[in-house]
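Please treat every number below as a calculation from the coordinates, not as lab data. What you are looking at is a predicted structure, and each value in this text was computed from that prediction instead of being measured. Here the Cβ positions follow ideal geometry from the backbone for every residue, glycine too, while neighbour counts run over all protein chains shown.
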Amino acid sequence: EKDFPGGGIHVNAINTILTNQFLRDSSPEVNWFLMFLVALASSKFLVRGNFKYSLSMVMIFVMAYVLATFFVFQLGVIVPVCMPILSAFVTTLIVLAWQAGRDRKEKSLLLNEKSNIEQQLDLISSLLSSKENELGEIQSQLSQIRQENEDRSKSQSEKINHLQEQMSKLVQEKQNLLEKKVALEEKVLGFRVHISIDQPLERDNEEIKKECDACGIITQSPKVLQIFSNLKKIAKTNETVLILGESGTGKELFAKAVHRLSSRSGEFVPLNLNATPETMMEAELFGFEKGAFSGADKPRKGKFLQAKAGTLFLDEIGDLLPSLQVKLLRTLQEKEIIPLGKDIQPIKIDTRIVAATNKNMEKAVGEKEMRLDLYGRLSAFVIELPPLRERPEDIELLSMHFIKQFGSEFKRRNLKGISTGAMKKLKNYPWTGNVRELENVLRKSILLSPAKPSMLQEKDIQFSNLTGTISPDTQQDLSFQEASFQKPDQKKQQNIDDSRFLSVARRNRFVISNMEKELDIDRETIRSQLKGICFQTLVNCGFDVSRTTESLTEDPTLQNKLEEKVDQYMKTLLGNLRKFETLEDAQRAVRDYKIQDNIPSKYRKAIEILIRHSWPGRENDGFSNTH
């Protein structure tokens, strides 16, 4: 090498010649195709909607192309780099310019239409003002003439008649102008873009709001932000958290936030106790060994072990069986579990519990549905999520979030926002199903709305056949408080046809006070017949609770309430069986009105069937597995 510099280069060249491993340029046709492909892909990314996301995807695609050229070069093929990247850059500029022009044109059209309508409105307002002035003058003249001596000439009487005709004509014109003004104002409200989304927040709340967004919690409500701030403090500990709130308020999101903000290394494992069959609830929680019961062909970890070093989220904790409440309490105290099976040793666990329910836990403790000591363990830290109707400022924020989400999902790229009239309609709705109901309403509204408009209009909002005018106080009457178990007076046991009863109930949305007025009977009789109809329908539907509630009401927003009430009815019925040793004794007690004595006689047979089907120790796959 020192005598002949560059020898290595010569050797490499000789090797290339001998092995025939020459570098090859790609053909011009391939080069043009690559430029076209890069430009086409860049344009496809850019027209998908969000500017930052689209630009990021273009950059990632260009980097991927450069990386691909490197790997192709290793195979001995040289493909162009600069020209395709330049084509992507030029395509980006062209598409962005086109989108900007399209948006300006669309905005200009909307503004022009809005301006024309407002000009018409101003003209009508001025005409209306002049008509009111003319009307005032005529009324003044008419009043003056009426005050004069009644003995006037015929010409004065004709003048009075003429003025009255003019006044009547002006009143009619004024009324027509008012109606036209109202119609135009409503049309302007539809074209007015609702833009007041983000409310100014304090600096500390702004930071908390960003953390909420990172956890998937969309809110600007000071009440919710304060809850999240307190949650951050407790998340770092190992304390048990109990989350209370109505259905659809986002209890699982807050449970995930507890896990996310904690320092636990394990997984977040959810378990909905209400959706878990009673016969499998213990196995789901604690796991089982092979042969522990019929069908246990292989061992399986329970949720506690799956959430080892993590967080176990027990949703609908208020539905936990009394027998399992004792075992859960022991697990929380001893920090160990015992899977199902013979001679199983306790297993130490490090699992944090986050529980949630939409029930009143203090009432459940008072009614012996929940153990007081278990409630004490679960409620080390309690948060209660407010319903959506108590945080109306979040309706705007959540609506815009869902509009962007579903607009992208349903390929409604033109949909940019919501009109003021539509937002007003959303704010006036009671939202008994909370955030989940708002999400479903906007999904349906966007899906069924016209494809071209850039704003969701008031006429596009679909409330799933609900009126949207029910007050929260009226909605609370849906709780159907349990009637006291006293045998009703014979005078109150009116024979109401079930079909008529259900028709009235559906028409009044199962509000007891409204049904009482329409049927003209006392509420205790209404509750008794409602309970009997629930039992009879449950038997007719093969002990399937979901089919039962669907049969009782056609309104999906009421089905959860009715499922909860059927569940409560059955728990009360089965709880009364503990004092009977045999099935025959229990059924005899039903016939003798010693069980469920307030239920009309025509439903007694259904109660006997339910007792026989659910008698303790009877193997069945009916009510127990579907309830």
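What to note about this one:
- Here is how the number arises for the chain: DSSP H runs of 4 or more residues each give -39500 (n - 2.57), the sum is divided by the residue count, and the result at 222 nm is -19000 deg cm²/dmol.
- Linear extension gain, PHE410 paired with ASP520, 0.36 nm per residue minus alpha-carbon span: 34.7 nm
- Over segment 234-338, all Cα pairs binned in 5 Å intervals from 0 give whole-percent P(r) values of 2, 11, 20, 23, 21, 13, 5, 3, 0, listed from short to long.
- If R0 is 56 Å, the Cβ-Cβ spacing of LEU163 and ASP555 corresponds to a FRET efficiency of close to 0.45.
- At full extension, SER229 and LYS348 could sit 39.6 nm farther apart than now, given 0.36 nm per residue minus the alpha carbon distance.
- Dipole in debye (nearest 20) - the chain, about Cα centre, beta carbon charges: Lys, Arg +1; Asp, Glu -1: 780
- Projection of the Cα convex hull of the chain, averaged over all directions and equal to a quarter of that hull's surface, yields 54.1 nm².
- In the chain, the sites counted are chymotrypsin sites (Phe, Trp or Tyr not before Pro) in DSSP loop states with at most 13 other Cβ atoms within 10 Å, and the longest stretch holding none of them, exclusive of the sites, is 23-292.
- Angstrom value of the Kirkwood radius, inverse mean 1/r, which spans all Cα pairs in segment 1-142: 21.5
- Cross-link pairs exceeding 18 Å between alpha carbons, from the set LYS209/LYS232; LYS335/LYS368; LYS209/LYS256; LYS256/LYS335: LYS335/LYS368; LYS256/LYS335.
- For segment 383-446, the Kirkwood hydrodynamic radius from C-alpha pairs, put into Stokes-Einstein at 10 °C and a viscosity of 1.306 mPa s, yields a diffusion coefficient of 130 µm² per second.
- Here the simple spin-label model places points 7 Å from the Cα toward Cβ, and for ASN238 and ARG507 these points are separated by 6.1 nm.
- In nm, spacing of pseudo-spin labels at ASN20 and ASP592 (7 Å Cα→C-beta vector): 10.6
- Take every DSSP beta bridge whose two residues both sit in the chain; close to 20 percent of them are antiparallel.
- Rg and Dmax [Cα atoms of segment 287-341; Å; Rg one decimal, Dmax integer]: 12.3, 31
- The slack in the chain from LYS363 to GLU289, taken as 0.36 nm per residue of separation less the alpha-carbon distance, amounts to 22.9 nm.
- FRET efficiency for LYS335 and ASP567, using Cβ-Cβ distance with R0 set to 35 Å, rounded to 0.05: 0.65
- Pairwise label distance in nanometres, VAL72 with VAL171, each label 7 Å out on the Cα-Cβ vector: 8.5
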